[in-house]
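First the structure, in the form of structure tokens, and then the observations on it.
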Amino acid sequence: MKVLGIDRETEEQQLEKILTVAQNNLERTEKHQAGLSEQMKEMLGSYDSKDKEMQALWRNTESLFQASNRELLRCIKARKKPYFGRIDFTGAGLSEPESYYVGRVGISESGVEPLVIDWRSPIASVYYENSLGTCTYEVKDTKEDETRVQEIDLFRKRTYEIEEDKLIDFFDSDIVANDELLTKYLAKSKKAVLGEIIGTIQKEQNAIIRMSPKTNLIVQGVAGSGKTTVAMHR
């Protein structure tokens, strides 16, 4: 999306917009899942194990229900806390600077251009790994089955503290999280920290998380350094 304003008023307006989209997505998914559930109940009433057509219809509906359930979980995460970071950049092929908000899951309106990108997406890696200035990230080309390197000029990295749909604070920094924000996360319950640690992942931790799942790793660190948390997100 185009680069948005950086003042607090604009940020609060954008948060409200994204929360509205996240809420609409959640309600639409809940309605869809309820419809599928009702279909399955009706089918059970007339289910015949010898009816091949009925079996195929049941398997298809069950598959759709499971997919809908996964989407529902994504929507719940998105609605609870839509994003924690933002990157602003320019790059080759861009006529003007662009912005991306970074969150636990992606958020888009009607499946068009995303308002929030998933923290696991390739471009989100620059939020964790790169300082301001020229940097690169890798993009997997599925058609050619190869990886290409994309270069951008990162000129803003912003981190947000959002609680109960309210923008508490935000700051621009060359690193992902400062000591104050890390202290706030660690002061919460262990369950909350495990769920929100992606907002404070450091460069070295991010590199371990994103390594190929086919690679064997030995991760060493003192007690409390985040080994288990990194392994969980990996």
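The values are calculated or read from the model by the stated rules, or taken from the named source; none is laboratory data. Quantities reported herein were computed from a predicted structural model and do not represent experimental measurements. Backbone-built Cβ (ideal geometry, glycine too); neighbour counts: all protein chains shown. Just so you know, the surface numbers come from the protein's heavy atoms only, side chains and all, with ligands and any DNA or RNA stripped out. Shrake-Rupley method; radii C 1.70, N 1.55, O 1.52, S 1.80 Å.
Multiply the residue separation of I76 and T228 by 0.36 nm, subtract the distance between their alpha-carbon atoms, and state the gained length in nm to one decimal. Intermediate results must be reported in sequence, preceding the final value.
On the way: separation 152, 0.36 × 152 = 54.72 nm, distance 2.45 nm.
Extra length from I76 to T228 when fully extended: 52.3 nm.
Solvent-accessible area of E62, probe 1.4 Å, all protein chains present, reported in Å² to the nearest ten, please.
It works out to around 70 Å².
Name the trypsin sites (Lys or Arg not before Pro) in the stretch 54-152 that are in a loop by DSSP and that have at most 10 other C-beta atoms within 10 Å, would you?
Details: sites: R59, R70, R74, K77, R79, K80, R86, R104, R120, K140, K143, R148; in loops: R104, R120, K143.
Counting only loop positions with at most 10 other Cβ atoms within 10 Å, the trypsin sites (Lys or Arg not before Pro) in the stretch 54-152 are K143.
Quick check: residue separation of Q66 and R120 times 0.36 nm, minus the Cα distance between them. What number comes out in nm? Mind dumping the intermediate values first?
Working: separation 54, 0.36 × 54 = 19.44 nm, distance 2.22 nm.
Extra length from Q66 to R120 when fully extended: 17.2 nm.
Give the residues of the stretch 53-76 whose amide nitrogen is closer than 20 Å to a point set 7 Å from the Cα of E27 in the direction of its Cβ.
Within reach of a label on E27, which here means backbone N under 20 Å from a point 7 Å along Cα→Cβ, the stretch 53-76 contributes 69, 71-76.
Normalised radius of gyration for the stretch 18-159, please: alpha carbon Rg relative to 2.2 N^0.38 Å, two decimal places.
1.41
Let me know the charge dipole size of the stretch 18-134 about its Cα centre in debye, to the nearest 20, where only the beta-carbon of Lys, Arg (+1) and Asp, Glu (-1) is charged. Before the final figure, lay out each step's value.
Values: 15 positive and 16 negative charges, 92 e Å.
For the stretch 18-134, the charge dipole is close to 440 debye.
Please list, in order, the residues from the stretch 53-90 whose amide nitrogen is less than 16 Å from a point placed 7 Å along the Cα→Cβ vector of S46.
The answer is 53-59, 61.
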